[in-house]
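**Student:** What follows is a single structure, and I will ask about it in a moment.
The values are calculated or read from the model by the stated rules, or taken from the named source; none is laboratory data. These numbers come from a predicted model, not from an experiment. Note that each Cβ is placed from the backbone with ideal geometry, even for glycine, and that neighbours are counted across all protein chains shown. Side chains are part of the model used for accessible areas, which takes the heavy atoms of the whole protein and leaves out ligands, DNA and RNA. Shrake-Rupley method; radii C 1.70, N 1.55, O 1.52, S 1.80 Å.
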Amino acid sequence: MLVTRLKNRPALALIAAALLALLLVPGGAGASSTSASIAAHPQLPIVIGHRGASGYRPEHTLASYELAIEMGADYIEPDLVSTKDHVLVARHENDITATTNVADHVEFADRKTTKVIDGVSVTGWFTEDFTLAELKTLRAKERLPDIRPANTAFDGLYQIPTFQEVIDLAKQRHVGIYPETKHPTYFRSIDLPLEEPLVQTLRANGYRGRNAPVFIQSFEVGNLQQLNRMTNIPLVQLIDATGKPYDFVVSGDQRTYADLVTPAGLAEIATYADGIGPNKSLIVPRDAQNRLLSPTTLIRDAHRAELLVHSWTFRRENTFLPEDFRQGNPASPVYLQATGDFPAELRLFYKLGIDGLFSDNPDVAVAVRHEVFGR
């Protein structure tokens, strides 16, 4: 039987402000009418360094995590995949073709292959075909060079970090960690399950109980339910704007992510998780012209189910922003690379009452949080 997560909400309220000493309130008589939602959840929303400070350094490198910490992030986020020798490492995908210089290593040319990952055929090099020692000979590179050409200045400088190395950094710098299990159904199918080494590593490093500065997240449901039976560390159900959890595909479950954000779906999530991590378009949708529509009731509905809301992903470049917040000359060849009115987007979501957000630019997210909530 699944352990209900609703019995520990007082502790969960403290987790939402972990690593922070002050409780903040909405500022000023001129605050938006949406401040009523903030007042209902007065604790400071957390800022999660999305893959570190990936707007400024190649993602999932110790340099990216270090910069996120220096910029004031409360948590750093390692996406976790497995090596051939079952060591957890931080990569956005097990396909490392676009994020490392593996293609330049002739000794690994024969490792290039085609696999079906979560129902999609992918050709490249994969972490599960390399030992940790072999992966350590590679170097990271910028995943979005067309959008973030300045980040390519750091290509070739940094290794792929292990989960343990990320933990060591977080503990040294006194910030939280927010690991995500990537493709857990796939990794279990090849006898490299993620759940067991994840829980074992957290326990070995003293992360125990509901007040530990850790959240574990996943787009799948089954592995979160399994983790709920293995640990009492807070869990977060990630929810995309389209599609369905891949374990639902495998099991034949007809539900989609859209079903998970209904009141009934949220009530079900609350039986095994402590929060949701929705795509931000589920909170403020966009129309076909990429313009913002009226906010949905998702934050309110999630809070009624006693779930935290940690939304993703907040980035400063025009290419990621709605038309409402883009800036510059659309005819410019670098228009989509240019920085838009990113603070305006952050203000909107803070005032709607989110409990946290994932950002590639944690410095801006922290600065706007300070502006919105005051001291």
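**Student:** For Rg/Rh (Cα atoms, Kirkwood Rh), pick the label among (i) 0.95; (ii) 1.10; (iii) 1.02 that corresponds to the value derived from the coordinates.
**Tutor:** Given (i) 0.95; (ii) 1.10; (iii) 1.02, the structure-derived one carries the label (i).
**Student:** Please report, ordered by residue number, every helix of the chain (full DSSP H runs) that is 18 Å or longer along its axis going by C-alpha atoms and whose mean Kyte-Doolittle hydropathy reaches 0.5.
**Tutor:** Working: long enough: none.
Span-like helices, by this rule, are absent here.
**Student:** Suppose a student asked you for the relative contact order of the chain, using Cα pairs under 8 Å spaced at least 6 residues apart; what percent would you report? Mind dumping the intermediate values first?
**Tutor:** Details: 774 pairs, mean separation 79.7, N = 375.
In percent, rounded to a whole number, it is 21.
**Student:** Leaving out ligands, DNA and RNA, and with a 1.4 Å probe, what % of the accessible surface on the chain is carbon or sulfur? Present the calculation step by step, with values, prior to reporting the outcome.
**Tutor:** Working: 8190 of 15100 Å².
Whole-percent figure for carbon plus sulfur exposure: 54.
**Student:** Quick one: compute a quarter of the convex hull surface over the Cα atoms of region 60-210 and quote it in nm². Each step should come with its number before you reach the end.
**Tutor:** Values: hull surface 38.8 nm².
About 9.7 nm², averaged over all directions.
**Student:** Would you compute, for the Cα atoms of region 102-187, the largest minus smallest coordinate along each principal axis and list the three values in descending order, in whole Å?
**Tutor:** 41, 34, 29
**Student:** Let me ask something additional. Can you work out D for region 226-289 in µm² s⁻¹ from Stokes-Einstein, where Rh is the Kirkwood radius over C-alpha pairs, the temperature is 25 °C and the viscosity is 0.890 mPa s? Intermediate results must be reported in sequence, preceding the final value.
**Tutor:** Values: Rh = 12.9 Å.
Using the Kirkwood radius from Cα pairs, D works out to 191 µm²/s.
**Student:** Find how many whole Å separate the alpha carbon centroid of region 338-375 from the alpha carbon centroid of region 130-173.
**Tutor:** Cα centroid to Cα centroid, the span is 26 Å.
**Student:** With no solvent and one equal point scatterer per Cα, compute the Debye intensity ratio I(q)/I(0) for region 233-345 at 0.11 Å⁻¹ and report its log10, rounded to two decimals.
**Tutor:** Relative scattering, expressed as log10 I(q)/I(0), comes to -0.44.
**Student:** As I understand it, the dipole of the chain uses +1 on the Cβ of Lys and Arg and -1 on the Cβ of Asp and Glu, about the Cα centre. Which of Gly119, Leu157, Leu169 lies farthest toward its positive end?
**Tutor:** Leu169
**Student:** Here is the link list: Lys115/Lys280; Lys244/Lys280; Lys112/Lys280; Lys112/Lys136; Lys84/Lys182. Which ones come out longer than 24 Å on Cα distance?
**Tutor:** Long pairs (Cα-Cα over 24 Å): Lys115/Lys280; Lys112/Lys280.
**Student:** Relative contact order for region 123-245 using alpha-carbon pairs under 8 Å, separation at least 6, rounded to a whole percent? Display every interim value, and only then the final one.
**Tutor:** Details: 120 pairs, mean separation 21.5, N = 123.
Relative contact order, region 123-245: 17 percent.
**Student:** Out of Tyr246, Ile216, Pro295, whose Cα points farthest toward the positive end of the dipole of region 190-303 (charges: +1 Lys, Arg; -1 Asp, Glu; placed on Cβ)?
**Tutor:** Going by the charge dipole, the pick is Pro295.
**Student:** Please give the direction-averaged projected area of the C-alpha convex hull for region 189-249, in square nanometres with one decimal. Don't jump to the answer; show the numbers that get you there.
**Tutor:** Numbers: hull surface 19.1 nm².
Average of the hull's projected areas for region 189-249 equals 4.8 nm².
**Student:** I want to verify the translational diffusion coefficient of region 289-375 in µm²/s; compute it with Stokes-Einstein, Rh as the Kirkwood radius over Cα pairs, at 4 °C and 1.567 mPa s.
**Tutor:** Numbers: Rh = 14.0 Å.
The estimated diffusion coefficient comes to 93 µm²/s.
**Student:** Moving on to the next point. Rounded to the nearest 5, what % of the DSSP beta bridges within the chain are antiparallel ones?
**Tutor:** Working: 13 of 38 bridges.
Given both bridge residues lie in the chain, the antiparallel proportion sits at roughly 35 percent.
**Student:** Here's another thing I want to ask about it. Quick check for you: with a 1.4 Å probe and neighbouring chains kept, what is the accessible area per residue of the chain, in Å²? The partial results should precede the final answer.
**Tutor:** On the way: 15100 Å² over 375 residues.
Each residue of the chain exposes 40 Å² on average to a 1.4 Å probe.
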